[in-house]
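I have placed the structure first, in the form of structure tokens, so that the comments after it can refer back to it.
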Amino acid sequence: LDGALTPALGSMPNVHTIYINNNKLTGTIAPEVFASTLRDFNVAGNQLTGDVPGPAEGRNTSLTQLRLNRNALDGTISPAIGRFINVQLLHLHENSLIGAIPPDVGDLSKLEELFVQRNQLTEQLPDAIGACARLVHLVAHDNKISGTLPASIGNLT
């Protein structure tokens with residue numbers, strides 16, 4: 001598959017899983033893609049650019065897995081990422097993401113895996129990361145993250 005990732009993907013109310021990974025999709029990811037019924041979204045291994053968006057409006061209570069890794073994402077991680085309140089797996093690694101991991105990641109109380117390695121992320125890990133009580137895999141190597149580990153990291157069990 002090639003071409004743009006259409007926002008119309010979000011208008012399919014009966015679709016719970018979208019796997020269109022390892023293709024040649026281009027363009028950006030529109031927040032409208034994240035329909036309220038979508039549980040698992042995998043577009044890893046494409047040529048998508050731009051930011052990591054959150055849902056278009058309100059909270060998305062269905063999405064549990066978001067795989068955007070191995071693309072060409074070159075923007076930031078939107079603070080709206082915290083509105084994916086039930087996400088357990090967030091794979092953003094092997095892109096060119098810039099900026100900081102937003103503190104809104106602390107709103108992801110069910111998050112178990114956060115993979116952000118091999119990007120261009122900067123600043124410190126947010127203190128809010130300690131609110132992700134279920135986090136068991138935090139992988140952030142090969143970035144430009146600076147500073148010390150937040151004390152809240154000790155809250156992770």
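The values are calculated or read from the model by the stated rules, or taken from the named source; none is laboratory data. None of the values given here were measured: they were computed from a predicted structure. Methodologically, a virtual Cβ is constructed for each residue, glycine included, from the backbone with ideal geometry; neighbour enumeration extends over all protein chains shown. When the accessible area is computed, the model is the full protein with side chains, heavy atoms only, and any ligands, DNA or RNA have been set aside. Shrake-Rupley method; radii C 1.70, N 1.55, O 1.52, S 1.80 Å.
Output yes when any residue across segment 25-37 is touching a residue at least 24 places away in the same chain (Cβ under 8 Å) and of a type in the set (D, E, K, R), and no when none is. Within segment 25-37, one or more residues are touching a residue at least 24 places away in the same chain (Cβ under 8 Å) and of a type in the set (D, E, K, R). Within this structure, Arg59 passes the test of being of a type in the set (D, E, K, R), open to solvent by 20 Å² or more (accessible area, probe 1.4 Å) and either out of contact with any Gly (no Cβ under 6 Å at 6 or more places or on another chain) or outside any loop (DSSP other than H, G, I, E, B) (or both).
Looking at this structure, is Arg67 open to solvent by 10 Å² or more (accessible area, probe 1.4 Å), modelled with pLDDT of 95 or more and closer than 24 Å to Pro13 by Cα? The answer is yes for Arg67. When segment 51-94 is limited to residues that are small (Gly, Ala, Ser) and touching an Asp or Glu at 6+ places or on another chain (Cβ under 7 Å), the one that is farthest from Pro7 (Cα to Cα) turns out to be Gly82.
The rows are residues; the columns are (1) among the aliphatic types (A, V, I, L, M); (2) over 25 Å from Leu125 (Cα atoms); (3) in a loop (DSSP other than H, G, I, E, B).
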position: Asn14; (1), (2), (3): no, yes, yes
position: Ile18; (1), (2), (3): yes, yes, no
position: Gly45; (1), (2), (3): no, yes, yes
position: Leu90; (1), (2), (3): yes, no, no
position: Glu94; (1), (2), (3): no, no, yes
position: Gly106; (1), (2), (3): no, no, no
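Counting only residues that are surrounded by 15 or more Cβ atoms within 10 Å (Cβ to Cβ) and charged (D, E, K, R), segment 115-126 holds 1 of them.
Which one is least open to solvent (accessible area, probe 1.4 Å), of the residues in segment 76-114 that are at negative phi, more than 11 Å from the chain's Cα centre (by Cα) and acidic (Asp, Glu)? That would be Asp104.
Kindly evaluate Asp40 against the criterion of being closer than 21 Å to Pro102 by Cβ, open to solvent by 10 Å² or more (accessible area, probe 1.4 Å) and at pLDDT 90 or above.
For Asp40, the condition - closer than 21 Å to Pro102 by Cβ, open to solvent by 10 Å² or more (accessible area, probe 1.4 Å) and at pLDDT 90 or above - is not met.
Residue count for segment 129-157 satisfying the condition of being open to solvent by 30 Å² or more (accessible area, probe 1.4 Å), small (Gly, Ala, Ser) and under 16 Å from Asp104 (Cα atoms): 2. If the condition is being within 21 Å of Thr49 (Cα to Cα) and charged (D, E, K, R), then segment 84-109 contributes only Glu94. On inspection, Leu111 qualifies as in a loop (DSSP other than H, G, I, E, B) and not β-branched (Val, Ile, Thr).
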